[in-house]
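The values are calculated or read from the model by the stated rules, or taken from the named source; none is laboratory data. Since we're looking at a predicted model, the values are computed, not measured. Note: ideal-geometry Cβ built from the backbone for every residue, glycine included; neighbour counts use all protein chains shown. For accessibility, only protein heavy atoms count, side chains too; no ligands or nucleic acids. Shrake-Rupley method; radii C 1.70, N 1.55, O 1.52, S 1.80 Å.
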Amino acid sequence: MLSVERIHSYYGKAHILSDLSFEVRRGEVVALLGRNGAGKSTTMKSVMQLVRPRQGQVTFQGRNLVGEPAFRVAKTGIGYVPEDRRIFTDLTVIENLEVGRQPARKDAPHWTVEQLFQIFPNLSERRGNRGKHMSGGEQQMLTIARTLMGNPSLLLLDEPSEGIAPVIVEQMAATILRLKAEGLTVMISEQNLHFARAVADRAIIIEGGEKKFDGSFTELEAHPEIRDAYLSV
Amino acid sequence: MTEILRVENLRKSYDGFLAVNGVSFSVAQGELKALIGPNGAGKSTCFNMLMGQLRPTSGQVFFDGENITGHKPRDIWRRGVGRTFQITGTYQSMTVIENVQMALMSHHRKIFSIAPRAWKLYRDEAFEFLRTVAMEEQADRPCSILAYGDLKRLELAIALCHRPRLLLMDEPTAGMAPSARIELMQLTADIVREQGVSVLFTEHDMDVVFAHSHHIMVLNRGELIADGNAAQVRNNPQVQEVYLGGGTLFKEDSHA
Amino acid sequence: MAFFLAQFLTGLANAAALFLVASGLSLIFGVTRIVNFAHGSFYMLGAFIGVTLMEILPGHVGFWGAILLTGLAVGLIGAVVEMVVLRPIYRAPELFQLVATFGVILVIQDLALMIWGAEDRMGPRAPGLRGVWRIFGEPVPKYDIVLIAITPFILFALWYLITRTRLGVLVRAATQDREMVGALGVNQAWLFTGVFALGSALAGLGGALQLPKGGADLLMDFNIIGAVFVVVVIGGMGSLPGAFIAAVLISVLNVFGVTYLPQSTLVLMYVVMAIVLIVRPYGLLGREEVAGEHGQVGAPETPIRPYGPLGMALVAALIAALAIVPVFAEQFVMTLIVDMIIFALFAASLHFILGSGGLVSFGHAAFFGGGAYAAALLVYHTDTPMELAFLFAPLAAGLLALAIGWFCIRLTGVYFAMLTLAFSQLVWSVAFQWRDVTRGDDGLVNIWPAEWLNAPAPFYYFTLALGVGGIVFLRHVIHSPFGYALRAGRDSPRQAEATGIDVKRVQYAAFALAGAMAGLAGGLFVFSKGSVFPTTLEIGESFDALIVVFLGGVKTLAGGVVGAGFMTVVEDWLTRLEYWRLLLGLVIIAVVILMPEGIVGSLRTLWNRLRHTDEEEVR
Amino acid sequence: MNLIRRTVLGMAAAAALAPAAALAQDTIKVGEINHYKRMAAFAEPYKKGIELALSQINGDGGVLGKDLEFVFRDDQGDPAEAVKIAEELMTREGTVMFTGTILSHVGLALSSFAAEKGYLYLASEPLADSLVWGSGNPYTFRLRASTWVQAAMLAEEAAKTDAVKYATIAPNYAYGQDAVAAFKENLTRLKPDVEFVAEQWPALFNIDAGAEVQAIERAKPDAIYNVTFGTDLAKLVREGGDRGLFDGRSVYGLLTGEPEYLEPLGDEAPEGWYVTGFPWYGFEDGTPGKTFVDAYVEATGETPKIGSLVGYMTAQSIAAAINKAGATDTASLVAAFEDLKVEGTPIGELSYRAIDNQSTLGAWVGTTALEDGKGVMVDWEYKNPAPYMPSDEDIKAMRPAE
């Protein structure tokens, strides 16, 4: 579904991703693992074209994305939830969702505001509230709901468990599994291996902008040295 | 143990909403104490009141027996309270060591001096502080290109500069890799031990919290619902319900 | 009572055009964060295009149709300007874009002159709306009533658009985080263009709507821009209802001012703005500006270092070269270099607070002109010897900066800038209107140097010593603990405060120092020209300095000086040509687009790229 | 940075070559500094007037056997810039003197500069009285009739009526204030019982006409003295006309009759105002004025403004002075300008008074009327300035010791 081939990405002058390739298949949940600064966020941004890879190809459903502006990437059906949440704090919950709204898509589940409120009941209670009066967990829920309004077929979640209370992290895991059940393909980036293992089918480990491992969690369990070398759990 | 910080019945309301509602606690000399709780529980508000960024609606804060309620952050700092931020606040246009030198210049009250060249001042002293946090090799790199974890360590060095007796750390390990988290907290614990500094910190990473704090306080909806050691807090049913959850997703469990 | 009502209605009618133009500016700022100084130019274009269309189209339909068409046309021009000039530089440092908009002003001025000629045009009358209606016996022009009736509809339409439509939601979201809006599938580039076009169209509409009350002339752009900014700032930048309230407030107060305090016409609105900002630092309905929520735009600044041996040698060589100029060069070259040094010192003093302190002042001329006036007044009224009067220039300017800074320094960002502007206008108006002391705009003349300096070469050396000395001193301060504290307060006020630095006090002291150094430049200026006029205190003078600092490069230490040198030379050369404003505008726009880090910053980047010294890894 | 390089190279080359260039001139150059962009509507006819005169002068063999050439430079309306340009013109372009400016304060700056450096400056258009009186100096001469004189002509007419209560409206800057003060002083002298019931001071080119008209109306004056011009005048006339301000009141307008200001008003031009101006359309055939108008219309395809006349006479004055001096050094030129007689100007013979370096150019006064949808002056006459000047003793007392 998504294929990243040998991309090189830079941030300013710094070479962040080098020669990175991987694939995401329809219907699976993939976890992108690695230390802070390993290049996980840059990988996600490179898919979204928020960071333009200087070399390499990003293909989504047969369409090359490199060089497209971010809004076109989003329109192809990739939903992106950034790590620092970035909700529109001056807008109400309903308005935040409105920003994300896109027409229905054939190959992806279609979401309405009411459906999303069923998944995220907290948001329903606060629908008229402005974003800035919400807690971190609620904000995280809102960013996901907002992105789902675009009816994506592939969802990129950058560090969904970062900085939220453990009890919310559990809810988050349940939510991701539910989205998967609805037919969504999901890619998350994580530092929390336990969380990743709870939701993902497959792990990709990157370090220093390069891919170090790509396989199932069972395989990863079988190679504790990889885990110790790159994940430092 | 003597008490370094005492908070009495602290309250803060915004437009009628009680963000912090009658919180009282104390921190003893040489203690490493964690303040945890769900987002929006009032941790940051609490912290900002301790450090003078926010003025409490009511209640008092005593540092070393003196009432510091409502004092300005810089005055509280001068009394011997250091602080690190959840989102790092370093001087992007300076080198790593200049960041530390800046704090030292302030400590030595050289802010309004226009005669000397700043980059020569207190360089050796600053270097020592960088060594404390293992940043000496990066001393002359521009601060703007540091990795996040290194920024956190730099901030710690800055906070240590005036030899504080109390350190307030707001989510010190947020955004860091697990190994770096442990490292940073180990470093902090060493400093606590060696220099007799007290630390009060907020944190979301339960591994860090349970591994490194002597005492833990749990804040929920502006009220303290627990204050005790790790076991007491972990077994508190109310804490489990509002914050820790089933505890299936953090480390202790998987290793158990 | 009837008279008051009539006055009030006059105020409301005046508020109509003002609100239209101001709402456009507020909208543009709210979304794009661009302080669009060219907004007055769109207003002027609206007037000229409106006149032209009304001449072609007859009758009622023609008149109102022409106004709508004008809005469309100016909106289209706005869209072109946004796409060509502004789109390439959204990522440049904050407020950098205002330099580009200044270039746009110059270009539009000359284009308007080329197309419509120099002569003023009377605006056509609205068909059927000539004459007055009597309200309680007082004559009120019919067209005034129409304007008063139209405005609330426009306010409501805009309010509805922004708060109730999807477009409005997107616009407000983009105001906060453009990139995220893009990542959610919205083409934010077009959103920006659309908003800019809408804002420009409103300005154009304003220009066309006021035609029956006035006309079209080439000074309209500058004449309205001050009032428009005042309205937007008083209302709170980005707030449409705020702009409406402020437009009414200013217009009505103005009408009463004209009646009861006829001399107040020049400053009334600036006094109101100063009072509002002192009481409510973010305007009536504005909210606190959070600068750089998602990190500062533009590349981070590199740490500063005093020049190495090579740099020192180059500077020494330059100074040596300047020192021998009188030996071989003719008098005019010396005059030009004196001008350049004075301007460079003035720019360097602004650059000091702007670059190191992050304090963008729109009123720095108050200190330049203040210093010049201080010295000139002493000489003119008390025959003080030049040497003593000269010392008084930096002193008085420094004291003035202490007084003005006391009010301004508590504000931040655009509001700080606008309050400094308000105060500089107050200083200007004192010089302009207190004729018994300052001789008003007749200025103070015959302020020449003392005997021993009163020849080209001695004065040249005098300027060289003090001007270059001043610049070197400012650079030294930047490298001192004080300069570092100033930068610390800019980089992270929170951290600075938490480590014992009184950020506001440091900024206050820096503001005063910058004022004193600008005053020194002013002192040199007055004795080099022999006269001083209120023009040295004008907004334009402040903006000249601001523009050269941005063009030179805010994030470089040499930016102000190099920018001043560049501008003096380019201007000296271009003003010999017929359409120099057009060319100068194009030069400014070109520099802004091609060198977004300023001249020095971009040359440095280029130099680093050539030498491949950019290997430092970022993680 | 081609631009910089060329300029810097140009500067260096000029520095090296300047003395030679000055020597090798085959024309006599005069510097002309003006606000060509900032006040384009006024400066352009002025420039055309100069060009017309130059073509005639050089067609007749020039001055001292050489062509007379004007070097036009734009000062952006900034006195400091004007001073810089003057310096460059004198030291590098090799001009023998300089002239120009419309705005009084720029004229004053140039005048001070001329005195300090010993250059000759002919202030062509600036009106400020102090230019030749309070701040006068031996190096500055002035062509146009001053504010005082023109205001005095209006005051003389006003004193003939039985109006007692006057309102004034003038732009809020030195010229406006001088113009009001001059009118008040002259009128009060002629008719001591007059009373000034309102003084309005709109910002220059930024009038709030509705409010100004209301304020004047409120004071219920018998007569109004107007100093506003340009867009301010247009707005005042429109608002005042609509609201009936001028009905049954006599109005005196300084400069209002000048084509620069009257023409743009079109069919809304006020009727029955007593004004100073330039009624070129009324000159009779065979008069020098008509000859000038015809030549101007033929050369430019436009009708003349008063700026055209001033520009034309500026060039004529300078040519006459150079011819009289027989040399181009400043001392000779200054001497030539004192009591200079200029023949064949549109007003006949013009001279420059030695006592205050002011020319004897007067002003046209008359009443405005509408003809063919255009504002014109009718019943006009040309008045010599002499009777309206202060006494020679007063002038000597005002002028700084020479």
Identity of the residue in the range D:250-281, free of Cβ contacts under 8 Å to residues at least 60 places away in the same chain and outside any helix (DSSP H, G or I), that ends up farthest from the other protein chains (Cβ to nearest Cβ): D:V251
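Taking the condition out of contact with any Asp or Glu (no Cβ under 7 Å at 6 or more places or on another chain) and not in a loop (DSSP other than H, G, I, E, B), does D:G244 pass? Don't jump to the end; show me each part of the working.
On the way: out of contact with any Asp or Glu (no Cβ under 7 Å at 6 or more places or on another chain): yes; not in a loop (DSSP other than H, G, I, E, B): no.
Answer is no for this residue.
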Go through (1) at positive phi; (2) open to solvent by less than 30 Å² (accessible area, probe 1.4 Å) one by one and return the number of the condition D:G311 breaks. (1)
Of the residues that make up the range C:371-392, is at least one within 14 Å of chain D (Cβ to nearest Cβ), surrounded by fewer than 24 Cβ atoms within 10 Å (Cβ to Cβ) and under 18 Å from C:A465 (Cα atoms)? yes
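With open to solvent by less than 20 Å² (accessible area, probe 1.4 Å), over 19 Å from the mean Cα position of the chain (by Cα), outside the structural domain of D:A174 (by TED's automatic domain parsing) and not small (G, A, S) as the only criterion, which of D:V83, D:V106 stands out? Before the answer, list the steps.
Values: D:V106 fails: over 19 Å from the mean Cα position of the chain (by Cα).
Step by step, each of D:V83, D:V106 is checked, and only D:V83 is open to solvent by less than 20 Å² (accessible area, probe 1.4 Å), over 19 Å from the mean Cα position of the chain (by Cα), outside the structural domain of D:A174 (by TED's automatic domain parsing) and not small (G, A, S).
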If you go through the range A:53-74 one residue at a time, how many are over 20 Å from A:G150 (Cα atoms) and either within 11 Å of chain C (Cβ to nearest Cβ) or surrounded by 15 or more Cβ atoms within 10 Å (Cβ to Cβ) (or both)? 4
Go through the range A:155-178 and report how many residues are more than 14 Å from chain B (Cβ to nearest Cβ) and surrounded by fewer than 22 Cβ atoms within 10 Å (Cβ to Cβ). 1
Taking the range D:26-55 as the search range and keeping residues that are assigned to a strand (DSSP E or B) and polar (S, T, N, Q), which one is nearest to the other protein chains (Cβ to nearest Cβ)? D:N34
Do the conditions hold for C:V315, that is, is it surrounded by 22 or more Cβ atoms within 10 Å (Cβ to Cβ), out of contact with any strand residue (DSSP E or B) (no Cβ under 6 Å at 6 or more places or on another chain) and either within 11 Å of another protein chain (Cβ to nearest Cβ) or aliphatic (A, V, I, L, M) (or both)? no
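Answer with yes or no whether D:T228 is open to solvent by less than 10 Å² (accessible area, probe 1.4 Å), under 24 Å from D:S146 (Cβ atoms), in a strand (DSSP E or B) and among the hydroxyl-bearing types (S, T, Y). Give the derivation first.
Working: open to solvent by less than 10 Å² (accessible area, probe 1.4 Å): yes; under 24 Å from D:S146 (Cβ atoms): yes; in a strand (DSSP E or B): no; among the hydroxyl-bearing types (S, T, Y): yes.
No; evaluated as a whole, the condition is false for this residue.
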Tell me which residues, restricted to the range B:222-256, are at pLDDT 85 or above, in contact with a helix residue (DSSP H, G or I) (Cβ under 7 Å, 6 or more places away or on another chain) and either under 29 Å from B:S58 (Cβ atoms) or not in a helix (DSSP H, G or I) (or both). B:I225, B:A226, B:V233
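Out of curiosity, is C:A216 at pLDDT 90 or above, in the same structural domain as C:L111 (by TED's automatic domain parsing), buried (at least 24 other Cβ atoms within 10 Å of the Cβ) and more than 30 Å from C:L129 (Cβ to Cβ)?
Values: at pLDDT 90 or above: yes; in the same structural domain as C:L111 (by TED's automatic domain parsing): yes; buried (at least 24 other Cβ atoms within 10 Å of the Cβ): yes; more than 30 Å from C:L129 (Cβ to Cβ): no.
Spelling it out, it is not the case that C:A216 is at pLDDT 90 or above, in the same structural domain as C:L111 (by TED's automatic domain parsing), buried (at least 24 other Cβ atoms within 10 Å of the Cβ) and more than 30 Å from C:L129 (Cβ to Cβ).
For the range D:43-86, name all the residues that are in contact with a His (Cβ under 8 Å, 6 or more places away or on another chain) and among the polar types (S, T, N, Q).
Applying the first criterion (in contact with a His (Cβ under 8 Å, 6 or more places away or on another chain)) to the range D:43-86 yields D:43, D:74-77, D:79.
The one that is in contact with a His (Cβ under 8 Å, 6 or more places away or on another chain) and among the polar types (S, T, N, Q): D:Q76.
A quick yes/no check of all residues on (1) assigned by TED's automatic domain parsing to the domain that holds C:Q97; (2) touching a Leu at 6+ places or on another chain (Cβ under 7 Å); (3) at pLDDT 90 or above:
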position: C:V276; (1), (2), (3): no, yes, yes
position: C:P281; (1), (2), (3): no, yes, no
position: C:L285; (1), (2), (3): no, no, no
position: C:E289; (1), (2), (3): no, no, no
position: C:H294; (1), (2), (3): no, no, no
position: C:A299; (1), (2), (3): no, no, no
position: C:P303; (1), (2), (3): no, no, no
position: C:P306; (1), (2), (3): no, no, no
position: C:L318; (1), (2), (3): no, no, yes
Which is touching a Leu at 6+ places or on another chain (Cβ under 7 Å), in the same structural domain as C:D120 (by TED's automatic domain parsing) and touching a residue at least 40 places away in the same chain (Cβ under 8 Å), of C:A22, C:A73, C:A17? C:A17
Test: residue in the range A:169-181 that is in contact with a helix residue (DSSP H, G or I) (Cβ under 7 Å, 6 or more places away or on another chain) and not in a helix (DSSP H, G or I): no
Show the residue pairs meeting these rules: Cβ distance below 7 Å; 6+ apart or different chains; first residue within the range C:323-340 and more than 7 Å from chain D (Cβ to nearest Cβ) and assigned to a helix (DSSP H, G or I); second residue of a type in the set (G, A, S) and surrounded by 21 or more Cβ atoms within 10 Å (Cβ to Cβ). C:V338/C:S528; C:M340/C:A564; C:M340/C:G565
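Can you name the residue in the range B:139-162 that is surrounded by fewer than 21 Cβ atoms within 10 Å (Cβ to Cβ) and touching a strand residue (DSSP E or B) at 6+ places or on another chain (Cβ under 9 Å) and, of all such residues, is farthest from B:H107 (Cα to Cα)? Don't jump to the end; show me each part of the working.
Going residue by residue through the range B:139-162, those that are surrounded by fewer than 21 Cβ atoms within 10 Å (Cβ to Cβ) are B:139-142, B:145, B:147-148, B:162.
Adding the requirement that they be touching a strand residue (DSSP E or B) at 6+ places or on another chain (Cβ under 9 Å) leaves B:139-142, B:145, B:162.
Details: B:A139: 20, B:D140: 21, B:R141: 23, B:P142: 22, B:I145: 26, B:H162: 6 Å.
Only one residue tops the list, namely B:I145.
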In the range D:194-205, the residues that are farther than 15 Å from D:G253 by Cα and more than 22 Å from the chain's Cα centre (by Cα): D:V194, D:E195, D:F196, D:V197, D:A198
The listed residue being open to solvent by less than 10 Å² (accessible area, probe 1.4 Å), among the hydroxyl-bearing types (S, T, Y) and at pLDDT below 95, out of C:S26, C:S41: C:S26
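Working only within the range B:75-129, note down all residues that are of a type in the set (K, R), in a loop (DSSP other than H, G, I, E, B) and facing chain C (nearest Cβ under 7 Å).
B:K110, B:R117
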Among the residues in the range D:159-175, are any open to solvent by 30 Å² or more (accessible area, probe 1.4 Å) and not in a loop (DSSP other than H, G, I, E, B)? yes
Give just the number: which of (1) assigned to a helix (DSSP H, G or I); (2) open to solvent by 50 Å² or more (accessible area, probe 1.4 Å); (3) in contact (Cβ under 8 Å) with a residue 12 or more places away in the chain; (4) not aromatic (F, W, Y) does D:E199 not satisfy? (1)
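Within 14 Å of another protein chain (Cβ to nearest Cβ) and surrounded by fewer than 24 Cβ atoms within 10 Å (Cβ to Cβ) - does that describe any residue in the range C:60-79?
Step one: filter the range C:60-79 for residues within 14 Å of another protein chain (Cβ to nearest Cβ), giving none.
No.
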Conditions (1) assigned to a strand (DSSP E or B); (2) more than 20 Å from B:P164 (Cα to Cα); number of the one not met by B:A41: (1)
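When you check D:P400 against the structure, is it closer than 16 Å to D:S146 by Cα, out of contact with any Leu (no Cβ under 6 Å at 6 or more places or on another chain) and open to solvent by 50 Å² or more (accessible area, probe 1.4 Å), yes or no? Explain how you work it out, then say what you get.
Numbers: closer than 16 Å to D:S146 by Cα: no; out of contact with any Leu (no Cβ under 6 Å at 6 or more places or on another chain): yes; open to solvent by 50 Å² or more (accessible area, probe 1.4 Å): yes.
No: the conditions fail for D:P400.
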I want to confirm something. Restricting to the range C:144-156 and keeping residues that are over 30 Å from the mean Cα position of the chain (by Cα) and either of a type in the set (G, A, S) or crowded, with 22+ Cβ neighbours inside 10 Å (or both), which single residue is farthest from D:Q214 (Cα to Cα)? C:A149
